[in-house]
1. Of all residues in region 41-91, how many are more than 13 Å from I5 (Cα to Cα) and β-branched (V, I, T)?
2. Quick one: which residue in I229, I202, I211 is assigned to a strand (DSSP E or B), touching a residue at least 40 places away in the same chain (Cβ under 8 Å) and within 24 Å of K96 (Cβ to Cβ)?
3. For region 115-142, how many residues meet the condition of being farther than 18 Å from N178 by Cβ, at pLDDT 95 or above and either assigned to a loop (DSSP other than H, G, I, E, B) or not hydroxyl-bearing (S, T, Y) (or both)?
4. Quick one: I81 ticks every box in (1) buried (at least 16 other Cβ atoms within 10 Å of the Cβ); (2) modelled with pLDDT of 95 or more; (3) of a type outside the set (S, T, N, Q) except a single one, so which number is it?
5. Restricting the first residue to region 246-258 and requiring it to be within 16 Å of E274 (Cα to Cα), which pairs with a second residue that is part of a helix (DSSP H, G or I) and polar (S, T, N, Q) meet a Cβ separation below 8 Å and a spacing of at least six or different chains?
6. If you go through region 98-125, how many residues are touching a residue at least 40 places away in the same chain (Cβ under 8 Å), among the aliphatic types (A, V, I, L, M) and either over 23 Å from K240 (Cα atoms) or touching a Phe, Trp or Tyr at 6+ places or on another chain (Cβ under 6 Å) (or both)?
7. Please specify each residue of region 96-124 satisfying the condition of being loosely packed, with under 15 Cβ neighbours inside 10 Å and out of contact with any helix residue (DSSP H, G or I) (no Cβ under 8 Å at 6 or more places or on another chain).
Amino acid sequence: MKKIIITGAAGFIGFHTAKLYINKGYFVLGIDNLNDSYDYKIKKFRIKELQKFESFLFKKVDISNKDKLSKELAAFSKDSIPKAIINLAARTGVRKSTENPNVYYMTNVIGALNIAELVDKYKIKNLIHASTSSVYGDSKEKKFTLNSETSKPISNYAASKKSSEVLLYAFSRLNNINVTVLRFFTVYGPMGRPDMSPFIFIESNIRRKKISLFGNGLQKRDFTYVDDIVSGIFKSTKLKGFNILNLGNNNPISIKYLLSLVEKNTKKKNIIKEKSPLPEDVFYTSADISKTKKLLNWSPTTNISEGIKKTYNWHIENIKWIKNIKI
């Protein structure tokens with residue numbers, strides 16, 4: 001059976017990526033440290049769902065712990081070499097990175113280095129690494145291209161991710177391993193992160209709680225549905241050498257419009273509490289995906305209206321246990 005290793009398997013994107021590979025006949029080693037960066041209960045639920053499959057093996061490991069990580073990778077790679085390591089393990093969240101920057105650098109930089117070294121050690125041919133649109137900082141460009149400025153991040157989270165990109169470029173050149181860095185643009189969908197706006201807005205509306213609106217709501221984000229992201233991850237394992245690609249919906253929308261889509265689905269008015277904008281928040285993101293289309297034959301297929309409807313339906317279908325998730 002073909003093998004794949006997915007770090008951050010209890011995370012939002014990790015969960016959906018693991019399910020895709022399981023459905024395609026892979027044996028998946030899922031690694032996660034189950035940290036408390038957001039409500040642990042949803043991470044636990046995701047892993048329980050994956051453990052229903054015989055072809056999924058979970059190990060609780062922090063990628064910044066090289067010795068323990070090496071032990072698990074050695075055991076999994078003993079009989080046959082996995083096709084790739086997909087590194088989705090990260091400390092995420094722009095705002096939280098201001099409060100506790102050290103843990104972001106330990107996971108996002110040291111953790112990435114550990115994985116790169118072990119990919120080389122165990123002769124795994126491909127490393128897929130999750131990065132972020134946040135590396136573009138507060139860019140004023142209409143489209144964020146791969147040639148856009150990325151040396152001026154405005155958050156510790158973005159800085160840690162940019163650092164990992166530079167590190168992996170050097171490692172790929174020096175050790176002749178295939179590395180693809182994927183810059184994700186505001187991923188959302190079912191089983192999402194409870195610290196991100198689509199989850200918060202939908203749940204706050206359902207629970208009749210106030211929604212904090214930072215700034216005037218005219219900020220735009222290139223919201224990208226999770227199934228499109230996972231499709232891009234899967235296709236990227238075929239690439240050779242070192243590559244950086246944008247994975248985005250290529251159609252940014254305002255936060256106010258997102259709020260209106262929530263109201264359209266719930267048929268209830270949002271309760272808004274206006275707050276001052278935060279210095280870590282960028283005003284605009286928009287992915288230029290021309291290279292991604294060319295190299296991967298990939299394009300997003302889910303527009304924001306359809307994606308929010310699917311996400312809302314998932315919330316309603318799981319309303320009994322989601323009501324206990326902290327937002």
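1. 2
2. Values: I229 fails: assigned to a strand (DSSP E or B); I202 fails: assigned to a strand (DSSP E or B).
Of the residues listed, the single one that is assigned to a strand (DSSP E or B), touching a residue at least 40 places away in the same chain (Cβ under 8 Å) and within 24 Å of K96 (Cβ to Cβ) is I211.
3. Of the residues in that region, 1 qualify.
4. (1)
5. Here the result reads I255/S197; L258/S197, each pair linking region 246-258 to a residue that is part of a helix (DSSP H, G or I) and polar (S, T, N, Q).
6. 3
7. Within region 96-124, E99, N100, N102, K123 qualify.
Rundown of residues vs (1) more than 14 Å from T92 (Cα to Cα); (2) touching a Phe, Trp or Tyr at 6+ places or on another chain (Cβ under 7 Å), yes/no style:
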{"position": "T150", "(1), (2)": "yes, yes"}
{"position": "I154", "(1), (2)": "yes, no"}
{"position": "K161", "(1), (2)": "no, no"}
{"position": "L167", "(1), (2)": "yes, no"}
{"position": "A170", "(1), (2)": "yes, no"}
{"position": "L174", "(1), (2)": "yes, no"}
{"position": "V179", "(1), (2)": "yes, yes"}
{"position": "F184", "(1), (2)": "no, no"}
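The values are calculated or read from the model by the stated rules, or taken from the named source; none is laboratory data. Just so you know, these numbers come straight off a predicted model, no measurement behind them. No Cβ is skipped: glycine too gets one built from the backbone with ideal geometry, and neighbour counts run over all protein chains shown.
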